[in-house]
1. Which of (1) exposed (fewer than 10 other Cβ atoms within 10 Å of the Cβ); (2) assigned to a loop (DSSP other than H, G, I, E, B); (3) at pLDDT below 90 is the odd one out, the single condition M3 does not satisfy?
2. Which of the residues that make up region 29-73 are of a type in the set (D, E, K, R) and more than 21 Å from the chain's Cα centre (by Cα)?
3. Read through the list (1) under 23 Å from Q15 (Cβ atoms); (2) surrounded by 10 or more Cβ atoms within 10 Å (Cβ to Cβ), then give the number of the only condition that E28 fails.
4. Across region 35-71, which residue is modelled with the lowest pLDDT among those that are of a type in the set (S, T, Y) and part of a helix (DSSP H, G or I)?
5. Residues being among the polar types (S, T, N, Q) and surrounded by 10 or more Cβ atoms within 10 Å (Cβ to Cβ): count how many of those fall in region 45-75.
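The values are calculated or read from the model by the stated rules, or taken from the named source; none is laboratory data. Everything quoted here is computed from the prediction, not taken from an experiment. With ideal geometry, Cβ positions are generated from the backbone for all residues, glycine too; neighbour counts draw on all protein chains shown.
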Amino acid sequence: MTMTAEKIQGFNPAQYEIINMMSCLQDESDYAELKSLLVKFLDSRLQVALDGLYASGDLSDEKLQSLSKRHLRTPYRTH
């Protein structure tokens, strides 16, 4: 299936490139390898962001403990 210009509107350049790469995947192992690479990439970005929060004092072990005890989910409406 080819992506038409109408279908890709709203994608940023990175999303567009990933979609183009998907057409080169030959089998499930290719998909699994690409997924693993993307997860490692995002994990490294998240780790850098968390390290920055810890270094700035905006996040600490105590704050994480406090957050773990809070109920932060949006309540469901009952009709």
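1. The number of the failed condition is (1).
2. D58, D61, E62, K63, K69, R70
3. Of (1) under 23 Å from Q15 (Cβ atoms); (2) surrounded by 10 or more Cβ atoms within 10 Å (Cβ to Cβ), only one is false for E28: (2).
4. The initial filter retains those residues of region 35-71 that are of a type in the set (S, T, Y), namely 36, 44, 54, 56, 60, 66, 68.
Remaining after also requiring part of a helix (DSSP H, G or I): 36, 44, 54, 56, 66, 68.
On the way: S36: 95, S44: 98, Y54: 95, S56: 97, S66: 91, S68: 87.
Checked region 35-71; the qualifying residue modelled with the lowest pLDDT is S68.
5. 3
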